[in-house]
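The next block holds one structure in the form of C-alpha cells; read it before the comments.
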Amino acid sequence: MAHRETFETVNGCKIRIMRGGQGAPLLYLHGALGVAAWMPFMERLSRRFDVIVPDHPGFGASDTPDWLDNVGDLAYFYLDAMKQFGLSGVHLAGASLGGWIAAEIAVRDCHPLKSLTLTAPAGIHVKGLSKGDIFMWSREQFLRNLAHDPKLGEAMLALPVSDAQQFTDMKNRLATAKLGWQPRLYNPNLAKWLHRISVPTLLVWGDDDKVIPPGYGPAFRDLIPGSRLEVFANCGHVPHTECTDKWVETVASFMQGAA
Amino acid sequence: MKFYAFHLMPYAALDPDYDKTHNAAWVTLPNSYYDPKIGHALYNRYLDELELADACGFDGVCVNEHHQNAYGLMPIPGVMAGALSRRTKNARIAVLGRALPLLNNPLVVAEEFAMLDNITAGRLVAGFVRGIGAEYHSWGANPAESHDRFHEAHDLILQAWTQPGPSKFEGKYYHFEYVNCWPRPYQQPHPPVWIPSQGSRETIEWASHPDRKYTYLQTFSPVTVLARYMTMYRETAKHYGYEATSEQVGWAVPTYCAETDEIAVREARPHIEFLFNKLLRMPPEMLLPPGYLSLASLQGVMQAKRALSTGNQTIEDMMEKGVFLCGSPATLREKLEKYQAEIGFGYLLPAIQFGTLPHELVRKSVELFAKEVIPHFRTRDAAGLRATA
C-alpha cells in the first residue's frame, strides 16, 4: 500500500504527516526517537486502517513552535488537529513518549476516539520502579537497550547514519528533554486523571523492556478502567518493531473488536 | 593587567584507578571515594592558598561552583567566599560563578552576593554561569531550558539589586510579587558582573550588549580559541557601536611558575595530567545533555568531529595548545606579553592549584609569580598610563 507524505499546518505549526491505507482512521504517535520512515508495522496496519503518522511538533521534519513546553501542549495540539482534519472514531495508538501523549489526549477528551492503544507508554511514575536513563545512554547503548534480541540492536547500529539523520536525532533528543527531563518522563498529575478514559484501552509491553520496565504495565492497567494488558515474552521496548507480527495481530484485532 | 588567583579545590586524594571501574569523575562516581578527614584538610589548605595569594598582592581571588564530582569541591561557593571575606584584606573576591539555571529561586543569589558585598565593603565580583552539562544530570535541572532560565534569572537578580523594592517580577519561570532584596549591594548600582564561558557566540552577543558590557572570561581553552573569542567580543562591541576595553575580557588558565622551565615542567607534570586525564573525565552524554548547546552550536561540534575528552593528554600537548601556562618567571613574562599584545585581555586568572599539586609547590609557585611576574606588568601598565596621560 503506497503512503503519502504531506505537510499540514495546525495552530500555526507545520508538521509532516505520513498517511496510507483505507478504513477507520488510526492515528499513530511515535516515541522519543521519531519515525525516519514508513515502517513495516505501519504498512501492515494500512491494509486495514487509514494510518496517519505525524512527526510531533519539535520532532523530525516538523516545526518547533514557541508554545511547546510540555506533553499537555501536544495533547491539545492533536485534539485540535483531529478536529481540523475532520477525524472522528479514531483509533489512537502511541508508543513510549507517544503513548504518554496519547494518554494525555484521552484524559482530556475521548469524544473523537474509538479506542486507545498504548505500547510501553511513559507518563506515570511508580516509586522504586526506575526507568532507563535514556539521556545518559550513548546512541549505541540506546539502540542496544531497545530490543530483547541483541541481533536487532546490532542491525540498527549497522545502518548508515547520514548527517541529516544525525541532526534529526539531536532535534528529537532536544524535544524529548524539553518534554521529559524533569520530572523524568512523567506527569505527576496524569495518574490522577487516567480514570477519565472512557474508550476501550489496550496496553502492550515487552517482558524485557529496559527503557520502561514491564512493572509499569499493571500500574497503567489498574488506573485505566476496563483496560487490558498484553505482555509479550522475549520482547523489549519496541514490540511493534521487534515482534511486528504479533503486535499487528493483537492491535488490529483489538481495534476491530472495539469498532 | 590584573591578576586573580583561581582555585578549583579538587579532591586531590582521588584514587587514580577509579577509572578502571567508573567512566566519570562526575555525577555517578560514588562518594565513598571521598574521605571527610582528608576533605577537612584540603578545604583548609585551599583557603590558605587563596589567602596567600591575597597577601602576595594578587588583585583578586576566585572560587566557583560544581556539583557531585571530584574535580571541584565547591557546590556552594558562597561558603568559601564567606570564609575568604574575613581573612583576605585587599583582594577582590570573585564567585565565578553561580549556576543560575539550576536554581528554583535565583533570588538566593541576589541575597548571597549582596551579603558578601556588604561584608567586604564592595570587594565582590558577581559571576553568573549555566554550569557545565554534567550539572544538569546531577541537579535534575532541564538542560533544554538552560539558556532561557539563565537570562530570566539574571534579569531577576539585576532587578533585585537595582530597582527600589518592593517590585514585581513577572517571568516565564519565576514570578514574584515582592522583590525586595535586604541587604542592598554595597557597590552601586551593583557589583561588577563577569561571565565565564568556554566560548559561545550567543554568550558574547549577550555579555557585550551595551546594556551590560560584562566582563567575558574564556576558561580552559587553547590560546587560538581564546584569541578567536576575544576578537569576536571586540567585533561584536564595534557592531553595537562602542569600543570594548581590555577590562571586558579575561582569561582563566592553570598556571605554574618555578625557578627554570625544566623544573616547572618536571614539578607540574603529574599534577596537571591528573587534572586533564582524571578529574575532567566524563562521557559526551554527560558533558553535553540535549539543549545545553543550541542545535546550531551542536551541529558545529558535529561537523568539526571534535573529540571530547578522549585520549590521554601530556603536559607537552597542553603547553603546546596553550591550555596550561608553565615555566620560569622569564618565560611566563614573555608568553603573557606576547599573548596580551596579540589578544589584549585585561584580566588573567591563573588557577594556582590544579589536580594533585601539593601545597608546598603551590606556595612556591604563587610567591614566585607574585614576586617575578606580576610586578613586571604593574610597572609596564603604570608606564603605559603615564605615556597616555
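Between A:Ala158 and B:Asn105, the FRET efficiency from the beta-carbon distance, with R0 = 56 Å, is close to 0.70.
Once the Cβ-Cβ distance of A:His111 and B:Tyr240 is raised to the sixth power relative to R0 = 45 Å, the FRET efficiency obtained is 0.25.
Counting only heavy atoms of the protein chains and using a 1.4 Å probe, B:Glu235 has close to 110 Å² of accessible surface.
Rolling a 1.4 Å probe over the protein heavy atoms gives region B:1-86 an accessible area of 38 Å² per residue. Counted over chain B, the DSSP beta bridges are approximately 10% antiparallel. Take region B:156-311, drop everything but the C-alpha atoms, weight them equally and run the Debye formula without solvent; then report log10 I(q)/I(0) at 0.20 Å⁻¹ to two decimals. The computed values of log10 I(q)/I(0) come out as -1.27.
The mean count of C-beta atoms from other chains within 10 Å of the C-beta of residues in B:283-296, rounded to a whole number, is 4.
Each listed q (0.22, 0.25, 0.28, 0.29 Å⁻¹) maps to a log10 I(q)/I(0) for region A:111-178 from the Debye sum over equal C-alpha point scatterers, namely -1.16, -1.25, -1.31, -1.32.
Kirkwood's formula applied to the C-alpha pairs of region A:1-114 gives a hydrodynamic radius of 13.9 angstrom.
Given R0 = 56 Å, the distance between the Cβ atoms of A:Gln84 and B:Ala41 translates into a calculated FRET efficiency of 0.25. Annotation: average projected area of region B:75-215 is 8.5 square nanometres, based on the convex hull of Cα atoms across all directions. Expressed as a whole percent, the accessible surface of region B:230-389 that belongs to carbon and sulfur atoms is 55, based on a 1.4 Å probe.
Reported to the nearest whole Å, the Cα centre-to-centre distance from region B:141-160 to region A:152-225 is 29. The Rg/Rh ratio for region A:176-259, using Cα coordinates for both the radius of gyration and the Kirkwood hydrodynamic radius, is 0.99.
All distinct Cα pairs of region B:125-170 go into the 1/r average, and the inverse of that average, the Kirkwood radius, is 12.1 Å. Apply the a/c threshold of 1.5 to the C-alpha gyration tensor of region B:312-369 and tell me whether it is rounded, prolate or oblate. Because a/c hits 1.5 or more and a/b fails to exceed b/c, region B:312-369 counts as oblate. Averaged over the residues of A:173-185, the number of partner chain Cβ atoms lying within 10 Å of the residue Cβ comes to 5. Protein heavy-atom surface of region A:95-151, 1.4 angstrom probe: 52% of the accessible area is carbon and sulfur, with nucleic acids and ligands not counted. In the protein assembly as shown, the DSSP beta bridges split such that about 20 percent are antiparallel, to the nearest 5. Peptide A:159-168 has a mean of 1 when you count, residue by residue, the C-beta atoms of other protein chains within 10 Å of its C-beta. Can you spot the lysines whose alpha carbon is less than 22 Å from B:Lys338's alpha carbon? Ignore those fewer than 8 places along the same chain. Cα-Cα hits under 22 Å: B:Lys2, B:Lys321, B:Lys371.
Here's the picture: charge each Lys and Arg Cβ at +1 and each Asp and Glu Cβ at -1 in chain A, and of A:Gly94, A:Gln166, A:Val238 the one pushed furthest to the positive end of that dipole is A:Gly94.
Using C-alpha pairs under 8 Å with a sequence gap of at least 6, the mean separation divided by the residue count of chain B gives a relative contact order of 21 percent.
The value obtained for chain B, namely the Cα convex hull volume divided by the number of residues, is 145 Å³ per residue. Tell me the chymotrypsin sites (Phe, Trp or Tyr not before Pro) within region B:81-177 that lie in a loop according to DSSP and have at most 10 other beta-carbon atoms within 10 Å. Listed in order of number, the matching sites amount to none. If eta is 0.890 mPa s and T is 25 °C, what Stokes-Einstein diffusion coefficient results for the protein assembly as shown, Kirkwood Rh from Cα pairs, in µm²/s? Once the numbers are plugged in, D ends up at 90 µm²/s. Ranked by the mean number of other Cβ atoms within 10 Å per residue, highest first, peptides A:29-36, B:9-16 order as A:29-36, B:9-16. Volume of the convex hull of region A:45-169 (Cα atoms only), normalised per residue: 162 Å³.
The values are calculated or read from the model by the stated rules, or taken from the named source; none is laboratory data. What you see is a predicted model, and the numbers here were worked out from it, not measured in a lab. Heads up, the Cβs are rebuilt from the backbone with ideal geometry, glycines too, and the neighbour counts pull from every protein chain shown. Note: accessible area is taken over every heavy atom of the protein model, side chains too, but ligands, DNA and RNA are not part of it. Shrake-Rupley method; radii C 1.70, N 1.55, O 1.52, S 1.80 Å.
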